[in-house]
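*Asks:* To start, I am sharing the structure in question, which I have written as structure tokens.
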Amino acid sequence: MSSQLSSQLSSRKMISRGIACLLYVSMGVEAKLALFSNSGVTPPRKAIAKEAAPPTNTVWLYTSVAADYDGATMLPHFINHYLALGVKPENFLVVVNHNPEKFDTFSGVDLVESVTTVLDTFHIPYRLWLEQYSSEKLMKIRYEMLNTAAWGDWIIHADSDELHEYGVKSVVKFLAQADLEGVNEIKGTLVDRVSATGDLNPIQPDQDIFKQYPNKCQVIKNVVGSRDTKAMAYKSYWRTDRGNHQVLRPVRTINYLSGSPGDGMMSGRGIVDAEDLYSISPYARNPKAYLYFCQHNDFDEDGTPRQQVPPGVECYLAANKDKAPKGLLERKSKSALVHHFKWHAGVINSVQDRLKYYKGDGDESGKPRYDWYKDSEKILGGVIQQGKIDIKTQNCRS
């Protein structure tokens, strides 16, 4: 991409975000309430409070919001969507990320305040995370926050640019029905929402977001080559992988979630000097509650197990799975849709920032900080350099 085009795209993004944030922050409370109610959901009109009230149902919603990259403009759409589905404000689990080493304000607008003001308006509690974003660091924060949920509660897991479609008006009733069916996880297929022309348009906070991005595409699958599946909801005795693509199989948890075995050594998550997450997971708290089912790829060719299981449990194969004690927890799923609103003006700086951090300066061997920098690199070359999504090649439909 030419430097001129890069400058134009960056300027367009920054200007649009600045205007949106300035307009929002300058509005009075009544105007904000009216703006946020475009989906038909009106937030409570009581005094602002950050502390969460005791939960009144067992459906939680976890998400993280990047204050630095258009988080404030997407957030009203996100909150209204899930309130309309029946999630209660006190059951939101939100982490707000901001890197203060870069900048705290844009055009006089406090970036963190632009997000927290929206959350405060809806009485939604949040946790501030003030450092460089990393999905590995966020994974630990997520595991800590999810321990708020009681054993057997439901957790809806949605990135702040993901709006779930369950096919019904109430996700609470949907998950209650899933309980009756013995289902304990909801898998989602990712649908990338793109503007009518494919341009990376800024999000408008006061317009229907589905109409702003009417095209349904497969950008993540085609450009990045990543999995287009996400874990939408799961019982709180499960946890998901770093990218929230799948619920972790119990037999995989010790190897994947444990920290690095020594200084400078690689963990099961592919991270050098990784922290231990297994000890703060439900798998460690009640290891004998799960069915440990081993597949052929859990063994080396000589039959040596690749996975470590907790003491006192047995790993069952398909041939003897019927001999496992009754009542052990095993995954049973049903499917729904995840509408993904990533392809807007804010993605430009976000991807450039993550690529720079993930790739880093390399260690002594010349290796990048995190191997998944390649995903950001593909987006940078396949979308951002073109300045838009090619709706003809991305299997788009309106």
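The values are calculated or read from the model by the stated rules, or taken from the named source; none is laboratory data. Just so it is clear, the model here is predicted, and its values are computed rather than measured. With ideal geometry, Cβ positions are generated from the backbone for all residues, glycine too; neighbour counts draw on all protein chains shown. Side chains are part of the model used for accessible areas, which takes the heavy atoms of the whole protein and leaves out ligands, DNA and RNA. Shrake-Rupley method; radii C 1.70, N 1.55, O 1.52, S 1.80 Å.
*Asks:* Using only the heavy atoms of the protein chains and a 1.4 Å probe, how would PHE299, PHE122 rank by accessible area, largest first? The partial results should precede the final answer.
*Replies:* Details: PHE299 60, PHE122 0 Å².
Largest to smallest exposure gives the sequence PHE299, PHE122.
*Asks:* So if we plug the beta-carbon distance of ALA319 and ALA289 into 1/(1 + (r/R0)^6) with R0 = 25 Å, what FRET efficiency do we get, rounded to 0.05?
*Replies:* 0.60
*Asks:* At 20 °C and a viscosity of 1.002 mPa s, what translational diffusion coefficient does Stokes-Einstein give for the range 169-323, taking Rh as the Kirkwood radius over Cα pairs? Give it in µm²/s as a whole number. Could the numbers behind the result be given before it?
*Replies:* Details: Rh = 18.9 Å.
Translational diffusion coefficient: 113 µm²/s.
*Asks:* So, one more: Tally Lys and Arg at +1 and Asp and Glu at -1 over the other residues with C-beta under 14 Å from the C-beta of TYR292: what net charge comes out?
*Replies:* On the way: positive: ARG249, ARG252, LYS288, ARG306, LYS321, LYS323, ARG331; negative: ASP298, GLU314, GLU330.
Taking every other residue near TYR292 into account, the sum is +4.
*Asks:* Leaving ligands and nucleic acids out of the surface, order TYR237, TYR69 by accessible area at 1.4 Å, largest first. Present the calculation step by step, with values, prior to reporting the outcome.
*Replies:* Values: TYR237 20, TYR69 45 Å².
Per-residue accessible area, sorted high to low, gives TYR69, TYR237.
*Asks:* Please calculate the 1.4 Å probe accessible area of VAL191, with all protein chains present, and give it to the nearest 10 Å².
*Replies:* Spelled out: VAL191, probe radius 1.4 Å, area about 20 Å².
*Asks:* Here's another thing I want to ask about it. So how much accessible area does ARG252 have, in Å² to the nearest 10, using a 1.4 Å probe?
*Replies:* 70 Å²
*Asks:* To the nearest µm²/s, what D does Stokes-Einstein give for the range 92-176 at 25 °C and 0.890 mPa s, using the Kirkwood radius over alpha carbon pairs as Rh? Kindly include the intermediate steps, with their values, before the conclusion.
*Replies:* Values: Rh = 15.2 Å.
It comes out at roughly 162 µm²/s.
*Asks:* Ok, one more. Can you give me the solvent accessible area of MET266 with a 1.4 Å probe, rounded to the nearest 10 Å²?
*Replies:* MET266 exposes around 110 Å² with every protein chain in place.
*Asks:* State the number of lysine pairs found in the range 183-312 whose Cα atoms come within less than 22 Å, restricting to pairs 8 or more positions apart or on distinct chains. Intermediate results must be reported in sequence, preceding the final value.
*Replies:* Numbers: LYS187/LYS216; LYS187/LYS221; LYS187/LYS230; LYS187/LYS235; LYS216/LYS230; LYS221/LYS230; LYS235/LYS288.
Final tally of qualifying lysine pairs is 7.
*Asks:* For the range 206-294, what is the accessible area per residue in Å², given a 1.4 Å probe and the full set of protein chains?
*Replies:* Details: 3460 Å² over 89 residues.
That works out to 39 Å² for each residue.
*Asks:* For ARG306 and ARG127 in one chain, what is 0.36 nm times their gap in residues minus the Cα-Cα distance, to one decimal in nm? Present the calculation step by step, with values, prior to reporting the outcome.
*Replies:* Working: separation 179, 0.36 × 179 = 64.44 nm, distance 3.69 nm.
Net length gain for the segment: 60.7 nm.
*Asks:* May I pose another question? List residues of the range 64-80, by number, whose backbone nitrogen lies under 18 Å from a label position 7 Å along Cα→C-beta of ASP206.
*Replies:* Residues 72-78, 80 qualify, since their backbone N sits under 18 Å from the label point.
*Asks:* By accessible area of protein heavy atoms, probe 1.4 Å, what ranking do GLU301, GLU165 get, highest first?
*Replies:* Working: GLU301 195, GLU165 80 Å².
My answer, sorted largest first, is GLU301, GLU165.
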